[in-house]
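Inspection log for the structure reproduced underneath, given as structure tokens.
Please treat every number below as a calculation from the coordinates, not as lab data. Because the structure is predicted, anything quoted here is derived from the model rather than measured. Every residue, glycine among them, receives a Cβ derived from its backbone with ideal geometry; neighbour counts consider all protein chains shown.
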């Protein structure tokens, strides 16, 4: 059975790495109030910024351990290398400015990213 290794970006600008057989379900669990990882419960919402498929649980756990050993910057570089997008671009994919939930999901870090993308320090 294939497993997905994933990295989520948390609302407090941290990263969480995990494995699952169903990424959609797991993301809903992370953003819900039950079954999500203890780490992400207080850091919602989370958004998937990286994923890769492994053929079995063992290889997924090995890859998860490799990613968890990476520094923060190495994780950011991995996300950007695979996606071809900056992390800032990835965080805003799927966000609609007219959606009232968008504003409530944007933290201080997100606002700083927008300012930098608009050329403001």
Quiz item: For residue 35 and residue 13, what does the FRET efficiency come to when R0 = 30 Å and r is the distance between their Cβ atoms, rounded to the nearest 0.05?
Solution: 0.80
Exercise. Would you mind putting 45-51, 32-38 in packing order, based on average other-beta-carbon counts within 10 Å, highest first?
Key: 45-51, 32-38
